[in-house]
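Since the structure comes first, as structure tokens, the remarks are kept for the end.
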């Protein structure tokens, strides 16, 4: 009896591991091989940050321009940028899994990537909650550190949340020459909402809005969030009473694990206005 039980247990343990499936940011079912992918092409800066945060940076064999965090990521091979890939460079990297940013991939490009026979995961989180979900999905698929997603979720739950009655009006400025802001269509809008703030520009004109100095003066603002990586021009006129806050743009516009740092910094800055 004991020998039979041990034999059955051994047979179960020797069964080949089964592949699993996950759902990506476009709602597509992606098969994850039983043997965790060992050579990953992460074709967006935020995806590189996610993999390094999960302790999987040593599996990244190719990335794109501007993937500069953490420091070790700066030494990774580049295969173009998020919008213009070097197909030869990508093939030479021999990835067994490819991660791409949905905002930078077209159906034609996705089809070409899939034609290589390598599973392609599309990342396109539109909310902070979606970032938390993606970190969990990548952890389960690749075997990363589970505490990263857990910590992100705990910090997300601790944010103030929306204050509908007296929401602060915040303008996220991404360029000073020319003046350009992000509308309510952009991912940043959800970040603002978690800090009890609202964006004064609706998303009717797309996620990026070009401003004139005259139009800027007509907007009711409490805070201008400078995400341009450059100081505001000394002669730039702002609506009366507008406070200016500078936050590292990578902490706000990249939908990866560090975006929770940007959210906390913005919430703290708005708390000072009370």
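The values are calculated or read from the model by the stated rules, or taken from the named source; none is laboratory data. As the structure is a computational prediction, the values presented were derived from the model and not from experiment. Note that each Cβ is placed from the backbone with ideal geometry, even for glycine, and that neighbours are counted across all protein chains shown.
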Within segment 21-35, considering residues that are over 15 Å from residue 102 (Cα atoms) and in contact with a helix residue (DSSP H, G or I) (Cβ under 6 Å, 6 or more places away or on another chain), the one modelled with the lowest pLDDT: 32
Residues of segment 26-64 classified as surrounded by fewer than 20 Cβ atoms within 10 Å (Cβ to Cβ) and assigned to a loop (DSSP other than H, G, I, E, B), total: 10
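In segment 130-147, how many are more than 30 Å from residue 86 (Cβ to Cβ) and touching a residue at least 40 places away in the same chain (Cβ under 8 Å)?
Qualifying residue count for the region: 2.
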Among (1) part of a loop (DSSP other than H, G, I, E, B); (2) under 17 Å from residue 125 (Cβ atoms), the one test that residue 162 misses: (2)
Hits in segment 237-269 - residues which are within 19 Å of residue 187 (Cα to Cα), touching a residue at least 40 places away in the same chain (Cβ under 8 Å) and assigned to a helix (DSSP H, G or I): 250, 252, 253, 259, 260, 262, 263, 264, 266, 267
Options 71, 59, 28, 78; residue that is free of Cβ contacts under 8 Å to residues at least 24 places away in the same chain, farther than 24 Å from residue 261 by Cα and within 20 Å of the chain's Cα centre (by Cα): 78
Condition met for residue 67 (crowded, with 17+ Cβ neighbours inside 10 Å, assigned to a loop (DSSP other than H, G, I, E, B) and outside the structural domain of residue 257 (by TED's automatic domain parsing)): yes
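Has segment 216-236 got any residue that is in a helix (DSSP H, G or I) and either out of contact with any strand residue (DSSP E or B) (no Cβ under 8 Å at 6 or more places or on another chain) or not assigned by TED's automatic domain parsing to the domain that holds residue 258 (or both)? Working first, answer last.
The first filter runs over segment 216-236 and keeps only residues in a helix (DSSP H, G or I), leaving 216-217.
Going one step further and asking which of them are either out of contact with any strand residue (DSSP E or B) (no Cβ under 8 Å at 6 or more places or on another chain) or not assigned by TED's automatic domain parsing to the domain that holds residue 258 (or both), we end up with 217.
Yes: one or more hits.
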Of the criteria (1) surrounded by fewer than 19 Cβ atoms within 10 Å (Cβ to Cβ); (2) more than 27 Å from residue 123 (Cα to Cα), which one residue 216 fails: (1)
Residue check, residue 158 in contact with a helix residue (DSSP H, G or I) (Cβ under 8 Å, 6 or more places away or on another chain), free of Cβ contacts under 8 Å to residues at least 24 places away in the same chain and surrounded by fewer than 14 Cβ atoms within 10 Å (Cβ to Cβ): no
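Could you grab me the full set of residues in segment 184-206 that are surrounded by fewer than 19 Cβ atoms within 10 Å (Cβ to Cβ) and under 16 Å from the mean Cα position of the chain (by Cα)? Before you say what the answer is, go through the steps one by one.
The initial filter retains those residues of segment 184-206 that are surrounded by fewer than 19 Cβ atoms within 10 Å (Cβ to Cβ), namely 184-185, 198, 200, 202-206.
Scanning segment 184-206 gives a single hit, 185.
Tell me the residue from 113, 142, 135 that is surrounded by 14 or more Cβ atoms within 10 Å (Cβ to Cβ) and either outside the structural domain of residue 32 (by TED's automatic domain parsing) or closer than 14 Å to residue 255 by Cβ (or both), please.
Testing whether each residue is surrounded by 14 or more Cβ atoms within 10 Å (Cβ to Cβ) and either outside the structural domain of residue 32 (by TED's automatic domain parsing) or closer than 14 Å to residue 255 by Cβ (or both) leaves just 135.
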Residues that are assigned to a loop (DSSP other than H, G, I, E, B), at pLDDT 95 or above and in contact with a helix residue (DSSP H, G or I) (Cβ under 7 Å, 6 or more places away or on another chain), drawn from segment 79-123: 79
